[in-house]
Amino acid sequence: MAESTSTKSLAIPLTAFAAGAVVALLVGVFGKVHDPTLAGTTTFGFRTVIDMKVVVSVVIGVLAVLQLIGALWLYGKLGIAAPSWLGTAHRISGAVAVVLLVFVAYHCLWALGLESGTLADGEPVSTRTVVHGVLGCAVLGAVVVKVVAVRSRRAPGWFLPVAGGLLFALLIGAVLTSAVWYIGAQGWPGSGGY
Ligand code: HEM
């Protein structure tokens, strides 16, 4: 009986990881077969789509760091008692971060796609761009795993922190290889650096 309970609960993370991998793969395939276009995108009032993505990605990166700190606090790892409102605040800011990241990822996928090899003009795609695209696809798969982890009551205790840590690591990787690289190379969007 104990064995069947543990097998059952392990089935939840295993199924979630499999579903997340399928989602990441399908997003990547879409990024390869779709013809990139700016139609159906928005600058959100910024000068260009890239400016908008850089600024929103910085907000997402800050929210991700706050999510990590909040999670450690809720798990009692900071040595100070967590206030009663922290759980709700963590959920709301997490939901905002997911909406923003799906929004930015859509703009990357739709307007640029998953780049590799050489571009139409014969220029080789940089390793950074390839790594960014692959991380971007993996982030969307990790969102699926994280949502399952948050919702499932019967999964083992390690599942939620592992799912959260995986999402955090992939997301920070995607932001470092895009917005942070961009600001380092070109300056803050609209600051006259390019
Ligand atoms: C769905 C998967 C994703 C794909 C396939 C993808 C692909 C791309 C590509 C090809 C570029 C252009 C890179 C270049 O030529 O310089 C780009 C830029 C960018 N991406 Fe993504 N991306 C994805 C997800 C994300 C996510 C999740 C974020 C942030 C949370 C993000 C943020 C950015 C930003 C800020 C830029 C502009 C800076 C730059 O040019 O590197 N992307 N993306």
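The values are calculated or read from the model by the stated rules, or taken from the named source; none is laboratory data. Please read all numbers here as calculations on a predicted model, not as lab measurements. With ideal geometry, Cβ positions are generated from the backbone for all residues, glycine too; neighbour counts draw on all protein chains shown.
Summary table below
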read-out: Residue match in segment 59-66 (condition: on the phi < 0 side of the Ramachandran plot, more than 20 Å from the chain's Cα centre (by Cα) and without any contact (Cβ under 8 Å) to a residue 12 or more places away in the chain); value: no
read-out: Enumeration of residues in segment 116-130 that are more than 8 Å from the ligand (Cβ to nearest atom), of a type in the set (Val, Ile, Thr) and free of Cβ contacts under 8 Å to residues at least 12 places away in the same chain; value: 118, 127
read-out: Close pairs (8 angstrom Cβ cut-off, 6 or more residues apart or separate chains): of a type in the set (Lys, Arg) in segment 35-56, not in a loop (DSSP other than H, G, I, E, B) anywhere; value: 53/104; 53/107; 53/108; 53/178; 53/179
read-out: Checklist (1) surrounded by 15 or more Cβ atoms within 10 Å (Cβ to Cβ); (2) modelled with pLDDT of 95 or more applied to residue 14, failing item; value: (1)
read-out: Among the candidates 96, 22, 54, residue that is near the ligand (Cβ under 10 Å from one of its atoms) and at pLDDT 95 or above; value: 54
read-out: Exclusive hit being closer than 26 Å to residue 18 by Cα, within 15 Å of the ligand (Cβ to nearest atom), assigned to a helix (DSSP H, G or I) and not acidic (Asp, Glu), set 164, 133, 113; value: 133
read-out: Filtered residues of segment 150-159 (kept if crowded, with 19+ Cβ neighbours inside 10 Å and either closer than 12 Å to residue 71 by Cα or touching a Leu at 6+ places or on another chain (Cβ under 7 Å) (or both)); value: none
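Every residue, every condition in (1) within 16 Å of the ligand (Cβ to nearest atom); (2) assigned to a helix (DSSP H, G or I), yes or no:
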{"site": "80", "(1), (2)": "no, no"}
{"site": "87", "(1), (2)": "no, yes"}
{"site": "92", "(1), (2)": "no, yes"}
{"site": "104", "(1), (2)": "yes, yes"}
